[in-house]
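**Student:** Let me give you the structure first, and then I'll get to my questions.
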Amino acid sequence: MGGVGEPGGRPAQLGAPLPTFRWEQIRPHNLPGDKWLVIERRVYDISRWAQRHPGGSRLIGHHGAEDATDAFHAFHQDLSFVRKFLQPLLIGELAPEEPSQDGPQNAQLVEDFRALRQAVEDMKLFEADPVFFALLLGHILAMEVLAWLIIYLLGPGWVPSTLAAFILAISQAQSWCLQHDLGHISIFRKSWWNHLAQQFVMGQLKGFSAHWWNFRHFQHHAKPNIFHKDPDVTVAPVFLLGESSIEYGQKKRRYLPYNHQHLYFFLIGPPLLTLVNFEVENLAYMLVCLQWTDLLWAASFYIRFFLSYIPLYGVPGALLLFVAVRVLESHWFVWITQMNHIPKEIGHEKHRDWASSQLAATCNVEPSLFIDWFSGHLNFQIEHHLFPTMPRHNYRRVAPLVKALCAKHGLSYEVKPFLTALVDIIRSLKKSGNVWLEAYLHQ
């Protein structure tokens, strides 16, 4: 065994004893340009390599100076392949007397969760059913064709147009779900097959960038409901969530009437997210990050859509149909994706273990065949966050095992009725607004 490592770690020499590090030596290395992390008790210096990380430097950087073992297992399918990239970054290992996790974490919970993951792997719950996902893609394409046939056969009147808009919005919603599965490499065994299929679904069927989505979404999974790490909750100053309500109130910040945010949410939240925010953010990402392939895929969606509907509507009518579909789709996206997160704990980094951090930020919605389909199985948000690469048709099978783990360790496993989950979004926004007002008025 090597001696205690020097503060500035150097790559370990092949065959030489590994230097050992204490957590007090690792903690300072969580700065821009200076990032260390721990995986399976080995210490890696990712400072220079982070920019080449396929998931982005932010994603891997969020685990700086932490034990990232469970995140490493959660995000990657082929661990042997990924370890080849880690080897040149290895600078040492934890000293024998050091715990595997830094800080006051529940070591027994960590051990039990890893045992659960191994049991789930042995049950082959990470293997996808190709028929299930083929049917998903088939019914999306069928809805796209059906919507066009309705206008083509019945004409561009208000009733056919309304019906077609709803069908297209459902198709768009289901496309979100399918590309989400592909982004999590939960369908095909080979990662690049998932990435290629995701570019098709996200680009040709939706008009967005797969790389942009993964850049946002993987950060959300790494650190759910953590300010400045999860883009989904870093929404101030438009909305105040969780701990930001007190901070804005104490600092006397009032950019909007936050005590009424649960009301203006209906005006600028569900209607405009995909139509405005996502469209602008997505385009900016593709241009700034030079994602030309994604740009071409996205352009193919707009070319197909407008070539299909301009002959039936003319330019103004086709544009109106597009906006209507985006607004309907946006309502689905906001309500379905936020019902599991906004009512939960939202705040700054707590440096919890993987299972505790995911459970603190998620809840489930009571399952049914309709809700499972309508939400893309995001009603099983707890299982999805604990095992992000698991095919969604296996969530029902793993749920009892997760519930038993939570019961053993006294952790909350919250399951709500669907309508209650939707209403809780508004309740949470109202509560946060009232907390802000009380802190704002307090002298």
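The values are calculated or read from the model by the stated rules, or taken from the named source; none is laboratory data. All values derive from a computational prediction rather than experimental measurement. All Cβ positions, glycine included, derive from the backbone under ideal geometry; neighbour counts span all protein chains shown. Areas reflect the complete protein model, heavy atoms only, side chains present, ligands, DNA and RNA absent. Shrake-Rupley method; radii C 1.70, N 1.55, O 1.52, S 1.80 Å.
**Student:** Test ASN282 against the stated conditions and say whether it is out of contact with any Leu (no Cβ under 6 Å at 6 or more places or on another chain), under 20 Å from ARG216 (Cβ atoms) and modelled with pLDDT of 95 or more.
**Tutor:** So ASN282 passes the test.
**Student:** Identify all residues within region 45-55 that are open to solvent by less than 20 Å² (accessible area, probe 1.4 Å) and in contact (Cβ under 8 Å) with a residue 40 or more places away in the chain; write none if there are none.
**Tutor:** Hits for region 45-55 are ILE46, GLY55.
**Student:** Right, something else. Does LEU116 satisfy being surrounded by 13 or more Cβ atoms within 10 Å (Cβ to Cβ), in contact (Cβ under 8 Å) with a residue 24 or more places away in the chain and within 23 Å of the chain's Cα centre (by Cα)?
**Tutor:** Yes; evaluated as a whole, the condition is true for this residue.
**Student:** Of the residues LEU94, LEU59, LEU109, only one is in contact (Cβ under 8 Å) with a residue 60 or more places away in the chain, in contact with a Lys or Arg (Cβ under 7 Å, 6 or more places away or on another chain), of a type outside the set (Asp, Glu) and over 30 Å from LEU320 (Cβ atoms); which? Don't jump to the end; show me each part of the working.
**Tutor:** Numbers: LEU59 fails: in contact with a Lys or Arg (Cβ under 7 Å, 6 or more places away or on another chain); LEU109 fails: in contact with a Lys or Arg (Cβ under 7 Å, 6 or more places away or on another chain).
Of the residues listed, the single one that is in contact (Cβ under 8 Å) with a residue 60 or more places away in the chain, in contact with a Lys or Arg (Cβ under 7 Å, 6 or more places away or on another chain), of a type outside the set (Asp, Glu) and over 30 Å from LEU320 (Cβ atoms) is LEU94.
**Student:** For the subset of region 178-237 comprising residues that are basic (Lys, Arg) and either touching a Phe, Trp or Tyr at 6+ places or on another chain (Cβ under 8 Å) or within 20 Å of VAL288 (Cβ to Cβ) (or both), which member is surrounded by the most Cβ atoms within 10 Å (Cβ to Cβ)?
**Tutor:** It comes out as LYS206.
**Student:** Here is a follow-up. Scan region 276-290 for residues that are free of Cβ contacts under 8 Å to residues at least 60 places away in the same chain and open to solvent by less than 40 Å² (accessible area, probe 1.4 Å) and jot them down.
**Tutor:** Hit for region 276-290 is GLU279, nothing else.
**Student:** Restricting attention to helices (runs of 4 or more DSSP H) lying wholly within region 329-400, give those where 1 or more residues are within 15 Å of GLU414 (Cα to Cα) and either hydrophobic (A, V, I, L, M, F, W, C) or in contact (Cβ under 8 Å) with a residue 24 or more places away in the chain (or both).
**Tutor:** Those helices (runs of 4 or more DSSP H) span 354-361, 381-386.
**Student:** Collect the residues in region 56-84 that are surrounded by 18 or more Cβ atoms within 10 Å (Cβ to Cβ) and among the β-branched types (Val, Ile, Thr), keeping them in residue-number order.
**Tutor:** ILE60, THR69
**Student:** Out of ILE140, ILE167, ILE151, I need the residue that is free of Cβ contacts under 8 Å to residues at least 60 places away in the same chain and under 19 Å from LEU328 (Cα atoms). Which one?
**Tutor:** ILE167
**Student:** In region 261-272, what count of residues is obtained for those that are at pLDDT below 95 and either open to solvent by less than 40 Å² (accessible area, probe 1.4 Å) or over 27 Å from GLY433 (Cα atoms) (or both)?
**Tutor:** 3
**Student:** If we only count helices (runs of 4 or more DSSP H) wholly inside region 106-211, which ones have 3 or more residues that are closer than 30 Å to GLY314 by Cβ?
**Tutor:** The helices (runs of 4 or more DSSP H) meeting that bar are 130-154, 158-183.
**Student:** Run down ILE91, ILE60 and say which single residue is over 26 Å from the mean Cα position of the chain (by Cα) and either β-branched (Val, Ile, Thr) or modelled with pLDDT under 90 (or both).
**Tutor:** Details: ILE60 fails: over 26 Å from the mean Cα position of the chain (by Cα).
Criteria check complete, one pass: ILE91.
**Student:** Then there is this: Within the bounds of region 382-392, is there any residue that is buried (at least 20 other Cβ atoms within 10 Å of the Cβ) and at positive phi?
**Tutor:** Checked against the condition, which is being buried (at least 20 other Cβ atoms within 10 Å of the Cβ) and at positive phi, region 382-392 yields no hits at all.
**Student:** Restricting attention to region 300-315, and to residues there that are without any contact (Cβ under 8 Å) to a residue 12 or more places away in the chain and assigned to a helix (DSSP H, G or I), which single residue is surrounded by the most Cβ atoms within 10 Å (Cβ to Cβ)?
**Tutor:** The selected residue is ILE310.
**Student:** Now for a separate question. For the condition open to solvent by 10 Å² or more (accessible area, probe 1.4 Å), at pLDDT below 95 and basic (Lys, Arg), what is the one hit in ARG396, ARG427, ARG352?
**Tutor:** The conditions single out ARG352.
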